[in-house]
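Below: the structure, in C-alpha cells.
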Amino acid sequence: MTFRFRDYKDHNKSKLMTVDALEFIRRFLLHILPDRFVRIRHYGILSNRNRKTKLKECKKILGVIIESGQEKEEKETWEELLFKLTGVNHTICPSCSKGKMIRKIKLEPRCYSPPKLKVQIA
C-alpha cells in the first residue's frame with residue numbers, strides 16, 4: 001500500500017511511502033484513542049515551543065512571580081481567609097462567645113462497608 005505523507009524535517013516536502021497492509025493498519029491504529037480517552041492539544045502560551053519562557057513572562061506580567069529582591073509574603077491560614085471573606089470569626093466559641101476554639105485532633109473519614117446479608121435457601 002502506498003500513501004502520501006508530509007516530511008516536516010525535509011522542508012515540509014510531500015513524499016510517498018510504500019508499506020504492507022499490516023504495517024499501514026498498525027500505524028493507522030496508533031492515531032486512534034482508546035474508549036474514554038480525550039485528545040488534548042495545547043495552543044498559545046501552553047504550546048510546547050518556549051512554554052517555560054512564555055509562562056514565566058505571563059506570571060511576571062500578572063505579578064505572580066516574586067522577584068528575588070522582594071520578600072515572600074506569608075500565606076494566610078484558612079481561618080484568617082474565612083474571616084476576611086465572611087467577617088465572622090469561626091475560632092470563637094459559638095456558645096459563650098469568649099473562648100477560642102482549637103483543634104485537638106483531626107477526625108479521619110470512616111468508610112463503612114455495606115452490611116452482609118445472610119441468604120438462606122429453603
query = In the stretch 7-47, how many residues are surrounded by 10 or more Cβ atoms within 10 Å (Cβ to Cβ) and either touching a residue at least 12 places away in the same chain (Cβ under 8 Å) or of a type in the set (S, T, N, Q) (or both)?
reply = 5
ask   = For the stretch 18-108, which fully contained helices (runs of 4 or more DSSP H) count at least 1 residues that are assigned by TED's automatic domain parsing to the domain that holds Arg6?
value = 21-29, 51-62
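The values are calculated or read from the model by the stated rules, or taken from the named source; none is laboratory data. In this text, all values refer to a predicted model and were calculated from it rather than measured experimentally. So basically every Cβ, Gly included, is an ideal-geometry build from the backbone, and we count neighbours across all protein chains shown.
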